[in-house]
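All remarks here apply to the structure that follows.
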Amino acid sequence: MITSQSSLQGRLLRVLLAAVVLVVATLVVKDYLVFRSHISDRVSQRSAAEALGDALADADEPVAAAIVRATELQFNRSRRAAGLPDIEDLAFELQTPEGHLVYASALLTGLPALTTQQVRQQDIELRGRSYWPYLHETSRWRVILLEPVVQDTLLLRWLGGTMVPDVFVAIPLLMLPLWWAVRSGLAPLRRLVSALARRDAATLTPLQLDLRYAELQPIVGAIDSLLARARRHLEHERSLTHNTAHELRTPLAVLAAQAHALATAPDAAAAELARQGIARGVQRTSHLVEQLLTLAGLESPDTSRPTQTIDLVALCRQHLIDLTPLADARNIEMALESPDQCQATVVVPALHSILDNLLRNALNHCPPGSLVELHLTQQGGHYRIEVQDNGPGMPAEERERAFERFFRGQGAGPGSGLGLAIVHEAARLLGARVWLAEGVGARGLRVTVEWGVG
């Protein structure tokens, strides 16, 4: 199923639109709360009633009624001129302190004079309509102001109606510069995509692009870093191919020579020598191929690496038993120093590779009469395996390169130079460190593998 991809530019514009709507909604709510606060405190009513009370201070009843009537007309004319739909008129009532009615708006005509108890309520009902009342008393007059209750829906319509037209004007003015900013801001990314699309698969040189913006520079840096790793990996694989071909050429040449010798052997003794040479060549080639497959398996990133809880002591003993024929043939003594038991959860094939290659290396490189020791220790949550011998050892400058594939020192014995490379990869799977050092008494070689349970 094909899914359409969203545009970053469109997404940013939608986010801006949502932000504008959110701002408008916030302002409307703010104005709503301010309006409700003013109503609760009777701010506008108090101001109008007090001003009217001051204007009536020296007036007699006919003049006072005329002033209230003029004030009512002025206030309601101003309310209607505000352009708010469905707005209703204010109502006034003027009484003497004794409650004698002097003036009443048309709405109140025919109704009894309002009492102080009525106008001190939160709202009152008159002829099916709710009003917010306010009472202002002076020494001569009782001024009552009635304002129609504004329902929330009407209030929100007023507040939104005054703001929405401005928002519709502002949105295009905001969208246009943002669209241009996003379009020009994404131009460096389009240049990056174009530069990558033009590249040949074999071209792994750095891009060296200047994307202008500091936020985009890490992208080029990450791609250049990836290309650098790809170059090193490719060089590594080329080196592996070259070294593998070189290592295979020698045993294959020996096999070809021994096969020719077998075919032209003048007698049975010469034929037997040729057959033995062929067997050794096949064994060496088989061992090399097996090590290459082991190394490839350890380096594969997709292989599942299940762990298993085992007794490390039993595993070490089994490896020593398996290699006893090789040790006896070379007259080399092997010893194990370990606790009685040592349980650990490990990637078992990786640990097999470590023990097998370290012990075989020691047996192959030590002269007859040597001693190979395997030490297993556990301290807290850390495990350590050491294989040391009293053979010729390895110079310090060679120890630095010992884990390279196909590296063989000057005094190297038989082997392909892959053993320690396999140990290094297997240790990586265990989450372990591995290092080389001189053996006890500055003799031989000691290889240490250490890892923790975490």
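Taken together, the values in this text are just the output of simple stated rules run on the coordinates, not laboratory data. Small disclaimer: the values here were computed from a predicted structure and weren't measured. Positions of Cβ are backbone-derived with ideal geometry, glycine not excepted, and every protein chain shown enters the neighbour counts.
With no solvent and one equal point scatterer per Cα, compute the Debye intensity ratio I(q)/I(0) for region 308-452 at 0.14, 0.16, 0.18, 0.20 Å⁻¹ and report its log10, rounded to two decimals.
Summing over Cα pairs of region 308-452 leads to -0.62, -0.82, -1.05, -1.31.
Plugging the Kirkwood radius over Cα pairs into Stokes-Einstein for region 42-150, at a temperature of 25 °C and a viscosity of 0.890 mPa s, what D comes out in µm²/s?
Once the numbers are plugged in, D ends up at 175 µm²/s.
Rounded to whole Å, give me the distance from the Cα center of region 62-96 to that of region 329-365.
Cα centres, region 62-96 to region 329-365: 105 Å.
Mean separation of Cα pairs under 8 Å and 6+ residues apart, divided by the residue count of the chain: what relative contact order is that in percent?
So the answer I get is 9 percent.
Could you pull out every residue, at least 5 positions away or on a different chain, whose amide H is within less than 5 Å of the one on Met334? Hs are placed 1.01 Å off N in the peptide plane, and Pro or chain starts have none.
Val372
Mean residue ellipticity at 222 nm from the helices of the chain, using -39,500 (n - 2.57) per DSSP H segment of n ≥ 4 over the full residue count, to the nearest 500 deg cm²/dmol?
After summing the helix terms and dividing by the residues of the chain, the value is -19000 deg cm²/dmol.
Can you tell me the dipole magnitude for the chain around its Cα centre, using point charges on the Cβ only (Lys, Arg +1; Asp, Glu -1), in Debye to the nearest 20?
Computed charge dipole of the chain: roughly 1380 debye.
Indicate the gyration tensor shape class of region 97-149 (rounded, prolate or oblate), computed on the Cα atoms with a ≥ b ≥ c the square roots of the eigenvalues: a/c under 1.5 is rounded; otherwise a/b larger than b/c is prolate and the rest oblate.
oblate
Can you tell me the FRET efficiency between Ala51 and Arg212 if r is taken as the Cβ-Cβ distance and R0 is 60 Å, rounded to the nearest 0.05?
Efficiency, rounded to the nearest 0.05: 0.40.
Show the residues, 5+ positions off or on another chain, whose built amide H is closer than 5 Å to the amide H of Gly393.
Excluding prolines and chain starts, which carry no amide H, the hits are Gly444, Leu445.
Suppose each label sits 7 Å from its Cα in the direction of the beta carbon; what would the Ile219-Glu290 distance come out to in nanometres?
5.2
What are the extents of the Cα atoms of the chain along their three principal axes, listed from largest to smallest and rounded to whole Å?
If we take the Cα atoms of the chain, the spans are 153, 59, 42 Å.
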